[in-house]
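One structure below.
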Amino acid sequence: MQGNFHHADASTFTATDKSQVYETAVSSAVALFESQRFWATNLANAASLMWHAFDALGMHVNWAGFYVVQPRVGKQTLMLGPFMGKVACQTINFGRGVCGTAAEAGTTVVVPDVEKFPGHIACDGSTKSEVVVPILDDAGVVRGVLDVDCLVVDGFDEADVQFLESLAGLIGRSCEWNL
Ligand code: SME
C-alpha cells in the first residue's frame, strides 16, 4: 500500500481464473485490514472486493454486503451494514430469514433456490439464490453476517462458499466491533 498504489486498484481483477481472483481478493483484504480495525470501514471495502471479484468472474451477483449486530439496538437484531447493490431490508431479527438463521446457528447457510427456503426474506424479488456466512469475533461471538445474493438458481459453488468463509473469518479477526 505504498508508492503509486491507489486503493481503487484493489477492486480491479485482471485474472479470470476463480482461484486467482479469490486469492487476490483475500490478499487485498489482508493488506487493507492490517492498518484499519474500524468495522464499518473494513466491511465497506470487503463489500467492494466481493462485488468486483464476482463481476470479474461474470457471476450474476445482485447484492453483496453485511448485516451487523448493534448491541445498542439489541443483541438479537441484525442491522443493515455496508453493501454493494440495491437498497435492502434495514433490520432482521435472529432466527428470521436466511441471515437470521445463519446468525442464530453461527454457521453458513447456502440456499440454492430461495423459493425453497421457508421464511426467506425477499429484499429483492429477482434474487434466486443466496449464501450467508456468520462473522464471529475472537471470542466466538456473532458480530454480523456476510450475505451474497445471485440472480440465478444454484448460483454458488463450493469454491465461492470457501472464499466467502475465508473473508468472513478474516473480517471477524480483523475488526474492532465496539468502535
Ligand atoms: N434474503 C435475506 C435478506 C437480506 S437481503 O438478501 C439483502 C434473508 O432472507 O435473510
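The values are calculated or read from the model by the stated rules, or taken from the named source; none is laboratory data. The structure presented is a predicted model; accordingly, all values stated were derived computationally and were not measured. All Cβ positions, glycine included, derive from the backbone under ideal geometry; neighbour counts span all protein chains shown.
Laid out as a table, the results:
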read-out: Flag for HIS120 being over 22 Å from LEU179 (Cβ atoms), within 13 Å of the ligand (Cβ to nearest atom), surrounded by 13 or more Cβ atoms within 10 Å (Cβ to Cβ) and not small (Gly, Ala, Ser); value: yes
read-out: Selection from segment 46-74 of residues that are buried (at least 18 other Cβ atoms within 10 Å of the Cβ) and part of a helix (DSSP H, G or I); value: ALA46, ALA47, SER48, LEU49, MET50, TRP51, HIS52, ALA53, PHE54, ALA56
read-out: Some residue of segment 78-85 being surrounded by fewer than 19 Cβ atoms within 10 Å (Cβ to Cβ), at pLDDT 95 or above and aromatic (Phe, Trp, Tyr); value: no
read-out: Long-range neighbours under 9 Å by Cβ, at least six apart or interchain, first residue farther than 18 Å from GLN162 by Cα within segment 88-116, second assigned to a loop (DSSP other than H, G, I, E, B) and among the acidic types (Asp, Glu); value: ALA88/ASP124; ASP113/ASP154
read-out: ALA40 being assigned to a helix (DSSP H, G or I), more than 16 Å from the ligand (Cβ to nearest atom) and under 25 Å from ASN178 (Cβ atoms); value: yes
read-out: Filter pass, GLY58 being out of contact with any Leu (no Cβ under 6 Å at 6 or more places or on another chain) and within 11 Å of the ligand (Cβ to nearest atom); value: no
read-out: Count of residues meeting criterion [of a type in the set (Gly, Ala, Ser), part of a loop (DSSP other than H, G, I, E, B) and farther than 14 Å from VAL148 by Cβ] in segment 75-102; value: 1
read-out: Filter result for VAL152 (crowded, with 19+ Cβ neighbours inside 10 Å, touching a residue at least 60 places away in the same chain (Cβ under 8 Å) and touching a strand residue (DSSP E or B) at 6+ places or on another chain (Cβ under 9 Å)); value: no
read-out: Hits in segment 1-47 (condition: touching a strand residue (DSSP E or B) at 6+ places or on another chain (Cβ under 7 Å) and either under 18 Å from VAL145 (Cβ atoms) or acidic (Asp, Glu) (or both)); value: TRP39, ALA40, LEU43, ALA44, ALA47
read-out: Of residues in segment 65-107 being more than 12 Å from the ligand (Cβ to nearest atom) and of a type in the set (S, T, N, Q), the one nearest to the chain's Cα centre (by Cα); value: THR107
